[in-house]
Structure formats: C-alpha cells, structure tokens
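Read the structure below first, then the notes.
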Amino acid sequence: LPPAADGAAPVVRASFDPSLPPGVIPRSQWARFGPNPALADPMLPPRCITVHHDGMSTFTQGPVSASAARLEQIRSYHVGNRGWADIGYHFAIDPAGRVFQGRPLTLQGAHVADRNPGNIGVVCLGNYDEQPLTSTHAAALDAFLAALMARYRIPISEVRTHQEWAPTACPGRSVQAYMNATRSRSGRLASA
C-alpha cells in the first residue's frame with residue numbers, strides 16, 4: 001500500500017489484536033493511517049501510566065463514530081503539526097466508557113516531554129477544565145487503569161497525571177480531582 005499524504009503508513013485492518021487488553025476497540029476502527037515507526041523509539045517495558053485529557057472542546061457521550069472522529073482529529077494534529085509518528089497516547093477513553101487503542105504499545109508514546117520511556121499514555125476525551133468527569137467515564141478509567149496495573153505490575157505510586165510530571169493544566173481540574181480521590185487510601189483504584 002502507498003504511504004498516506006501525511007507520511008504515515010496506511011492502517012492494516014485486523015479483526016483481532018491479541019496484545020490488546022480485552023474490550024479495547026482496535027485502532028483499525030478509527031485511524032485512517034498507521035504509525036510511522038521510523039519517527040518513534042521502541043517502547044521500553046511499561047513501568048508507569050500517565051492520565052491526560054485532550055483539552056479540546058467539551059465532549060459528551062455520543063456514538064462510537066464521534067469518538068473515532070475526535071481521535072482521528074488528534075492523530076492528524078500530532079502527525080501533521082507536531083511531526084510525531086502517530087497519536088501521542090497509547091489508549092483513549094471516551095465519556096461513554098469505551099476504551100480505544102491509540103499508538104501501539106510497541107512504540108514509545110509522545111505524551112509527557114522527557115518522561116515517555118516505559119510510560120503508557122491514557123487520554124480522557126474531553127476538556128475536564130470545562131466539564132465534569134461522569135460516573136460512567138470514571139468507572140471505565142478506574143477499571144482500565146486497574147487492568148493495566150495488573151497486566152504490567154505497575155504500582156499505584158506510578159499512576160500519575162500529566163501535571164504531576166510537568167507544569168500543565170492537563171488532565172483538567174475534574175480528572176485531577178478524581179485521580180487524587182481514586183488513588184487515595186480509600187479510593188476505588190487504590191483498592192483494585
């Protein structure tokens with residue numbers, strides 16, 4: 001297949017990816033093109049997880065197609081405007097609680113400057129300075145983070161938000177407050 005106009009390799013459609021956690025929607029369901037591995041380092045063994053928000057406009061629960069379009073918009077910006085290999089995040093969770101595959105875990109992410117080696121990037125779709133995190137979204141975030149922690153033996157002390165690594169508003173006030181609560185001693189993620 002010829003390369004895409006944005007320089008990325010075309011997506012190879014596959015119905016099943018055994019490396020994905022169960023229930024994750026594969027990138028073949030939303031991405032127009034595949035990553036350009038020449039522009040990314042290989043991923044080191046996962047040792048931490050960072051939670052983000054996309055920080056764009058508010059985004060509420062809608063059809064899968066709306067989340068897919070938003071992910072493609074983010075991917076196109078990361079590739080075209082930033083010159084990255086692909087979308088910067090490994091996974092995305094939409095307000096309906098659906099989890100999408102982003103950049104393959106075989107490639108290092110591009111989501112926290114100077115902190116990407118071994119760091120799994122998870123983005124919540126929406127702007128959580130302007131909208132609340134719904135209970136559905138929060139439950140999906142907890143469940144998915146717990147699954148990643150178990151799969152890669154990542155301790156809760158290594159589950160952070162973007163602003164805990166760098167001076168930024170990301171992941172927004174609502175997600176930051178939730179992450180503080182869920183990781184606390186009596187929080188849902190701490191007891192997972």
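Remarks
- Criterion violated by R173 - all others in (1) more than 19 Å from P26 (Cα to Cα); (2) open to solvent by less than 10 Å² (accessible area, probe 1.4 Å) satisfied: (2)
- Qualifying residue in segment 61-79 (condition: more than 19 Å from L141 (Cα to Cα), crowded, with 20+ Cβ neighbours inside 10 Å and either more than 14 Å from the chain's Cα centre (by Cα) or among the acidic types (D, E) (or both)): yes
- Restricting attention to segment 160-192, the residues being among the charged types (D, E, K, R) and part of a helix (DSSP H, G or I) number 2.
- Residue, nearest to H111 (Cα to Cα), within segment 32-60, restricted to residues that are charged (D, E, K, R) and open to solvent by 60 Å² or more (accessible area, probe 1.4 Å): D41
- For M149, the requirement of being over 14 Å from V123 (Cα atoms), open to solvent by less than 40 Å² (accessible area, probe 1.4 Å) and either in contact (Cβ under 8 Å) with a residue 12 or more places away in the chain or of a type in the set (D, E, K, R) (or both) is met.
- When the criteria are applied in full, R13 fails the requirement of being modelled with pLDDT of 95 or more, open to solvent by 50 Å² or more (accessible area, probe 1.4 Å) and among the charged types (D, E, K, R).
- Selection status of R183, farther than 14 Å from P46 by Cβ and either open to solvent by 20 Å² or more (accessible area, probe 1.4 Å) or among the aliphatic types (A, V, I, L, M) (or both): yes
The values are calculated or read from the model by the stated rules, or taken from the named source; none is laboratory data. Here the structure is a predicted model, which means the values were calculated and not measured. FYI the Cβ positions are ideal-geometry reconstructions off the backbone, even for glycines, and counts take in every protein chain you see. Heads up: the accessible areas ignore ligands, DNA and RNA and are worked out on the full protein's heavy atoms, side chains in. Shrake-Rupley method; radii C 1.70, N 1.55, O 1.52, S 1.80 Å.
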